[in-house]
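Asker: Structure in structure tokens, see below.
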Amino acid sequence: MPKRSKNILMCKLSLSIFAAFILQAALVTNSHAKEQTLTAEEWALLRLSEYKHRVRKRIGSDYIVSINSIRNKFLENFDQSDFDGDGITVEDFEILEMQKEQRGFAFKIQNWLMKDLNRDFKVTKKELKLFYHKQASRSLRSGQTFIRKTKEQIDQALEDMILRDLVMDTNGDDVVSFEETKSFYEKNKNKRRFPNRFGRYNRYNILYNKKIPYSFDLNNNGVIEKKEYLQIIDQTIKAYNTDNNAILSSEEQRAIETAKKSIRQKFTTKKFWRKPQRKKLNDDKLSKEI
């Protein structure tokens, strides 16, 4: 075989191997994306499990859930997402995201204003020290025992709290202004949030996403209409309301919780839901320091 033909053959073989690798990676990515997507029925079941705890009423030793109250909760969720009244579109979802960002920023500004003790719209290092002093002086807890901190421990905790807020001080004058606070949160608003003590990222976990998914768009016209939404909701409620009456009995509510657990197992792992171990305090070491 000529050398040129051999080179062409090797080049074609390399390209085919590379194309096969890219195709396999795409299939893996698509399968992963498919696994991480809630169907309309799964989303409705998760919200049904959530809403039944809000509207349930105790009668004797049992909790009774009204079907009409559950349905009104679903309608309320739809109306809050549909701003123009002609169905939920991409524009409605964009407005919802803007509202979430504004509410989050308003909470952060409110937290910043609490530290501005003299109300001059500037948070100084001295004000931060006065604001965090009580929190830094809290006693350490070991089981049922409370141990008072030493002066060095209080000063160290206070310094850590102050440095955490002075990250927003861009010009290094030990004063956090409103403009610095605003620019800091606008710059970091898209970063991943820290998990809570159970290790769950509530904002990013698919199980806690209350936004109505696009899978409710049954006719694929880009608009989630109310009749499409209610069609899935009524089917989900009817599947667990086996006696077709106006309430969900205790047995029907347990069936909903069982179905919810299967969805949680599908999208999460045991490690994800396991509560982390608490750090044990060394009482002997703390007593020697005190």
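Read-outs: derived from the displayed coordinates by stated rules, not from any lab. The shown structure was predicted, so the numbers you read here are calculated from the model rather than taken from an experiment. All Cβ positions, glycine included, derive from the backbone under ideal geometry; neighbour counts span all protein chains shown.
Asker: List the aspartates and glutamates whose alpha-carbon lies under 12 Å from that of K149, not counting same-chain residues fewer than 8 positions away?
Answerer: Straight-line reach from K149, under 12 Å: E289.
Asker: With contacts defined as alpha carbon pairs under 8 Å and 6 or more residues apart, what's the relative contact order of the range 101-176 in percent? Each step should come with its number before you reach the end.
Answerer: On the way: 53 pairs, mean separation 20.3, N = 76.
For the range 101-176, the relative contact order is 27 percent.
Asker: Going highest first, how would you order 77-88, 231-242 by mean Cβ packing within 10 Å? Mind dumping the intermediate values first?
Answerer: On the way: 77-88: 15.3, 231-242: 16.9.
Most protected by this proxy first, the peptides run 231-242, 77-88.
Asker: Ranked highest first by the average count of other Cβ atoms within 10 Å around their residues, in what order do 174-185, 140-151 fall?
Answerer: Working: 174-185: 16.2, 140-151: 11.4.
Ranking, from highest mean packing down: 174-185, 140-151.
Asker: Of K57/K261; K52/K210; K57/K100; K73/K238; K226/K261; K108/K187, which ones are farther than 20 Å apart at the Cα?
Answerer: On the way: K57/K261 23 Å; K52/K210 15 Å; K57/K100 31 Å; K73/K238 16 Å; K226/K261 28 Å; K108/K187 14 Å.
Pairs exceeding 20 Å: K57/K261; K57/K100; K226/K261.
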